[in-house]
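Worksheet: the structure to be examined is printed underneath.
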Amino acid sequence: MSDVKITKIDDIAAYAGPKTIPGIRMRGAARALGITAWGMNVFDIDPGVTGYPEHDHTKDGQEEMYVVLRGSGTIQAGDEKFEVSAGSMVRVGPGQKRKWFAGPDGIRVLAVGSTPGKAYEPRR
């Protein structure tokens, strides 16, 4: 039997716990695929939603890479804003505060993260 797992993003259940933000769907893609070497989520933000939390990864040292899968939007990093659209790739360092905003058609983003030089420890 081959060591392959295939799933569709829309088949991954969105997070539905106490920190759910209306208009944002976060899907644990790494967990769904059984990946343990890095963190990976897909998030969708509906148009007009501003509740994506500004955050950084100073505490855990994790750098993140984002790929815009569909739609468009803005990533705010500190005082700077960067417009992105489908096909854009973005790298954000651990200490950089960041916040996402959707464009007029919403945005779907693949987020991949890990800490350089440190073995990844999946969240439980």
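The values are calculated or read from the model by the stated rules, or taken from the named source; none is laboratory data. Model, not experiment: these values are computed from the prediction. Cβ coordinates were reconstructed from backbone atoms using ideal geometry, including for glycine residues, and neighbour counts include every protein chain displayed.
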Candidates V109, V68, V90, V84, filtered to the one that is surrounded by fewer than 19 Cβ atoms within 10 Å (Cβ to Cβ) and either among the β-branched types (V, I, T) or touching an Asp or Glu at 6+ places or on another chain (Cβ under 6 Å) (or both): V90
Odd one out for R25, checked against (1) under 16 Å from L110 (Cα atoms); (2) out of contact with any Phe, Trp or Tyr (no Cβ under 7 Å at 6 or more places or on another chain); (3) among the basic types (K, R): (2)
Of those in the stretch 1-50 that are of a type in the set (K, R) and in contact with a helix residue (DSSP H, G or I) (Cβ under 8 Å, 6 or more places away or on another chain), the residue farthest from E121 (Cα to Cα) is K5
In the set V84, V49, V109, the lone residue that is closer than 30 Å to D3 by Cα and modelled with pLDDT of 95 or more is V109
How many of the residues in the stretch 10-26 are loosely packed, with under 14 Cβ neighbours inside 10 Å and of a type in the set (A, V, I, L, M)? 2
Any residue at all in the stretch 27-48 that's surrounded by 11 or more Cβ atoms within 10 Å (Cβ to Cβ), basic (K, R) and out of contact with any strand residue (DSSP E or B) (no Cβ under 8 Å at 6 or more places or on another chain)? yes
Inter-residue pairs, beta-carbon under 6 Å, first at positive phi and in the stretch 55-82, second at pLDDT below 95 and not in a strand (DSSP E or B), 6+ apart: G61/T115
Scanning the stretch 35-46 residue by residue, the ones that are of a type outside the set (D, E) and at pLDDT 95 or above total 5
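Which of the strands (runs of 3 or more DSSP E) contained wholly in the stretch 22-112 include at least 3 residues that are within 15 Å of the chain's Cα centre (by Cα) and farther than 24 Å from D11 by Cβ? Give the derivation first.
Details: elements: 24-27, 39-45, 63-77, 80-85, 89-92.
By residue number, 63-77, 89-92.
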